[in-house]
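Peer 1: Would you mind keeping the following structure in view while I ask a few things?
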Amino acid sequence: MDKPEFVYVTYIAAPPEKVWDALIKPEATAKYWQHENVSDWKPGSRWEHRSSEKDRTVRLVGKVVESSPPRRLVLTWAFPADEARPEKHTRVTFEIVPVGGVVRLTVTHDRLEPGSEMDRGIREGWPKVLSSLKSLLETGSALPKLW
Amino acid sequence: MTGKYLLAYSRASVDIDRLLRAIANPARRRLLDRLRARNGQTLAELCRHLDMTRQAVSQHLERLEEVNLVTTVRRGREKLHYLNPVPIHEIYERWIEKYERQRLEALRDLRKRLEGEDDG
């Protein structure tokens with residue numbers, strides 16, 4: 001494994017399957033992320049992260065590296081302009097581990113170029129997205145619009 | 001939330017008093033600052049240039065890990081420490097409303113421009 005640049009953790013009072021669905025179902029991600037994550041989620045498939053506003057602007061793209069529901073999802077993660085340049089793809093690993101009736105969701109982001117636009121963006125983004133996801137699953141309402 | 005999850009949640013979720021007590025210590029804040037400057041350090045790296053014993057640093061890191069402000073990853077024989085700002089974001093969200101947030105972010109950006117990037 002590469003040495004990750006960032007490791008984010010949140011504990012969520014929900015079953016692992018619900019947390020998994022909240023990562024891969026466009027109608028769920030739209031609620032707390034204002035973006036739809038779209039793919040068939042099979043290893044090797046393309047995925048995209050697009051605005052849930054009318055214009056459906058695609059903001060991120062990548063490939064599904066590994067998908068083991070409801071425990072582990074590994075994606076490459078890039079700006080659309082860099083889709084054909086694998087060296088520019090960063091990598092995100094989601095791990096869902098049940099602990100004492102709740103789940104520990106870990107998001108590991110690696111292969112980031114220090115100081116890059118992606119590096120700056122995700123530092124601001126992940127804490128917001130994870131707090132909003134936790135709020136949605138535990139209280140039924142997400143945080144107000146994040147972006 | 002069903003009863004089963006509620007019970008477990010009260011154990012696993014971080015108590016806000018414990019979180020604030022963990023931050024209310026200059027040595028622990030320094031450790032968080034060092035991780036913010038460079039994420040993913042080992043205990044030995046964190047001890048360098050710090051006026052604390054290895055044992056003290058190790059205990060502070062444990063406290064920070066208990067409240068989920070620090071997470072660790074094992075890589076071979078090394079244990080790497082990461083700053084996890086998610087619980088701080090949850091506190092922030094508790095008292096700051098959407099519209100205030102935009103104004104506060106604008107103020108923060110203005111202050112940064114006027115004072116330079118260094119937050120001191």
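Condition check ((1) over 23 Å from A:Glu5 (Cα atoms); (2) more than 10 Å from chain B (Cβ to nearest Cβ)) across all residues:
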| position | (1), (2) |
| --- | --- |
| A:Pro43 | yes, yes |
| A:Arg56 | yes, yes |
| A:Gly62 | no, yes |
| A:Glu95 | no, yes |
| A:Leu105 | no, no |
| A:Arg120 | no, yes |
| A:Leu137 | yes, no |
| A:Gly140 | yes, no |
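Peer 1: Also: Test each condition in (1) in contact with a helix residue (DSSP H, G or I) (Cβ under 6 Å, 6 or more places away or on another chain); (2) surrounded by fewer than 19 Cβ atoms within 10 Å (Cβ to Cβ); (3) at pLDDT below 95 for A:Asp2 and report the one that comes out false.
Peer 2: Result: A:Asp2 passes all but (1).
Peer 1: Could I ask something else about it? Mind checking whether some residue in the stretch A:82-94 is over 25 Å from B:Val70 (Cα atoms), of a type in the set (Ser, Thr, Tyr) and assigned to a strand (DSSP E or B)?
Peer 2: no
Peer 1: Can you pull out every residue in the stretch B:72-92 that is of a type in the set (A, V, I, L, M, F, W, C), surrounded by fewer than 16 Cβ atoms within 10 Å (Cβ to Cβ) and within 12 Å of A:Pro4 (Cβ to Cβ)?
Peer 2: Of everything in the stretch B:72-92, nothing turns out to be of a type in the set (A, V, I, L, M, F, W, C), surrounded by fewer than 16 Cβ atoms within 10 Å (Cβ to Cβ) and within 12 Å of A:Pro4 (Cβ to Cβ).
Peer 1: If you go through the stretch A:95-105, how many residues are at pLDDT 95 or above and either surrounded by fewer than 20 Cβ atoms within 10 Å (Cβ to Cβ) or not in a strand (DSSP E or B) (or both)?
Peer 2: 4
Peer 1: Which one of these does A:His35 not meet: (1) closer than 19 Å to A:Met118 by Cβ; (2) surrounded by fewer than 20 Cβ atoms within 10 Å (Cβ to Cβ)?
Peer 2: Here A:His35 clears every test but (2).
Peer 1: Continuing with this model, one more query. Give the residues of the stretch B:66-109 that are in contact (Cβ under 8 Å) with a residue 12 or more places away in the chain and of a type in the set (Asp, Glu), sorted by residue number.
Peer 2: Residues satisfying the conditions are B:Glu66, B:Glu78.
Peer 1: While we're on this one: All but one of (1) under 13 Å from the mean Cα position of the chain (by Cα); (2) basic (Lys, Arg); (3) modelled with pLDDT under 95 hold for A:Lys25; state the number of the condition that does not hold.
Peer 2: With respect to (1) under 13 Å from the mean Cα position of the chain (by Cα); (2) basic (Lys, Arg); (3) modelled with pLDDT under 95, A:Lys25 is out only on (3).
Peer 1: Can you report the number of residues in the stretch A:1-57 which are among the basic types (Lys, Arg) and closer than 30 Å to B:Glu66 by Cβ?
Peer 2: Within the stretch A:1-57, residues that are among the basic types (Lys, Arg) and closer than 30 Å to B:Glu66 by Cβ number 2.
Peer 1: Here's something else I'd like to know. Show the residue pairs that are 6+ apart or on different chains and have beta-carbon atoms under 6 Å apart, the first residue being within the stretch A:91-104 and more than 23 Å from A:Val64 (Cα to Cα), the second being crowded, with 18+ Cβ neighbours inside 10 Å and among the hydroxyl-bearing types (Ser, Thr, Tyr).
Peer 2: Pairs found: A:Gly101/B:Tyr5; A:Val102/A:Tyr11; A:Val102/B:Tyr9.
Peer 1: Next up: Return yes or no: is A:Thr10 hydroxyl-bearing (Ser, Thr, Tyr), under 19 Å from B:Val86 (Cα atoms), buried (at least 19 other Cβ atoms within 10 Å of the Cβ) and without any contact (Cβ under 8 Å) to a residue 24 or more places away in the chain?
Peer 2: no
Peer 1: Could I ask something else about it? On the basis of being touching a strand residue (DSSP E or B) at 6+ places or on another chain (Cβ under 7 Å), in a helix (DSSP H, G or I), at pLDDT 95 or above and on the phi < 0 side of the Ramachandran plot, does B:Leu64 make the cut?
Peer 2: For B:Leu64, the condition - touching a strand residue (DSSP E or B) at 6+ places or on another chain (Cβ under 7 Å), in a helix (DSSP H, G or I), at pLDDT 95 or above and on the phi < 0 side of the Ramachandran plot - is met.
The values are calculated or read from the model by the stated rules, or taken from the named source; none is laboratory data. From a predicted model like this one, the values you see are computed outputs, not experimental measurements. A quick note on method: Cβ atoms are made from the backbone with ideal geometry, for glycine too, and the neighbour counts reach across all protein chains shown.
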